[in-house]
Amino acid sequence: MSNYGLIALKFVVGMIMMILQINLLGKVEFARNTPLNQIQNYVLGGIIGGVIYNPAITIWQFLIILLLWSLIVAIVKFGREHSRWLRLLIEGRPVMLIADGQLRPTACLQVGLSANQLMEQLRNSGITTLSQVKSAVMETNGQLTVIEKDAANLKLPLISDGQLNAEVLSLIGKSQTWVQTQLQAAGLQRVEQVFVGEYVNGELRLVPYPQSA
C-alpha cells in the first residue's frame with residue numbers, strides 16, 4: 001500500500017472511531033465544555049493527528065491504540081454514571097456565588113472568577129447590578145445560572161442525579177425533613193431514587209429513576 005493510501009486508511013479509521021466515541025458518550029455530553037471532555041478530545045485528536053502521518057505505525061497498531069483509548073473512555077463513562085463519588089471527583093459540584101442577594105467573594109475566587117468576569121457574565125444575562133440578583137450559581141461546565149429577585153420560580157433543581165442541593169434547599173427555606181416527606185408522598189424512600197426534582201410554585205415535582213436503574 002502506498003504512503004498516501006495508508007494515510008487515507010488511517011484517516012477513515014480515525015473518523016469512524018470519533019463517530020463511535022460521540023455515540024458512546026452521547027452527543028450532548030460530547031459537546032459539553034467540561035475538563036474531562038476537553039482532555040478526551042485533546043487525547044483523541046493527538047492520537048489521530050500524531051499517528052496518521054507516521055508511516056512507522058501500522059494500521060493495526062493505530063487501531064489497537066484507538067480501541068484502548070475508547071475502552072478507557074467507556075470505563076470512565078460507566079464509572080461516572082454509577083458512582084456518585086467518581087462523578088463528584090470528575091465533574092465537581094455547582095458553586096453558589098450569590099445567595100440571598102449576598103455575593104460570596106471566597107466562592108468566586110474558588111472557581112477562579114474575578115469581579116470583572118463575574119459582572120461580565122451577569123451583563124450577558126441582562127443583569128446590570130448585583131442588587132437584581134437573588135442567587136447565581138457557577139455550573140460544572142463553567143456557565144453561570146442567574147436567578148433574579150423577582151423570578152417566580154427557581155431555575156435550579158432541588159434534586160439532580162440523586163443528589164440534594166443544600167444551597168437550593170436553603171434558598172427556598174425548607175428542611176431535609178420536608179424533602180423526606182415529599183419523597184414519601186411520591187412513594188419514594190431516598191433522594192438517590194430521584195433523577196431530577198424541581199421546586200415549582202411551592203411544590204416539589206419529582207422524576208424518579210426507572211425501576212431497573
Answer yes or no: is there a residue in segment 72-84 that is in a helix (DSSP H, G or I), among the basic types (Lys, Arg) and in contact (Cβ under 8 Å) with a residue 60 or more places away in the chain. yes
Answer with yes or no whether Leu156 is surrounded by 13 or more Cβ atoms within 10 Å (Cβ to Cβ), part of a loop (DSSP other than H, G, I, E, B), at pLDDT 85 or above and not β-branched (Val, Ile, Thr). no
Given the structure, is Gln38 modelled with pLDDT under 80, surrounded by 14 or more Cβ atoms within 10 Å (Cβ to Cβ) and not aliphatic (A, V, I, L, M)? no
Pairs, first within 10 Å of Leu66 (Cα to Cα) in segment 5-21, second among the hydrophobic types (A, V, I, L, M, F, W, C) and exposed (fewer than 13 other Cβ atoms within 10 Å of the Cβ), C-beta under 9 Å, six or more apart: Met17/Leu67
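Residues checked against (1) farther than 30 Å from Gln182 by Cα; (2) in contact with a strand residue (DSSP E or B) (Cβ under 9 Å, 6 or more places away or on another chain):
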| position | (1), (2) |
| --- | --- |
| Leu71 | yes, no |
| Ile98 | no, yes |
| Thr106 | yes, no |
| Leu109 | yes, no |
| Leu122 | yes, yes |
| Ser131 | yes, no |
| Ser135 | no, yes |
| Asn165 | no, yes |
Number of the exception - Glu120 against (1) assigned to a helix (DSSP H, G or I); (2) not assigned by TED's automatic domain parsing to the domain that holds Val133: (2)
Just one of (1) surrounded by fewer than 16 Cβ atoms within 10 Å (Cβ to Cβ); (2) closer than 22 Å to Arg205 by Cβ; (3) under 20 Å from the mean Cα position of the chain (by Cα) trips up Gly142, so point out which. (2)
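The values are calculated or read from the model by the stated rules, or taken from the named source; none is laboratory data. No experiment lies behind these values; they were computed from the predicted model shown. Note: ideal-geometry Cβ built from the backbone for every residue, glycine included; neighbour counts use all protein chains shown.
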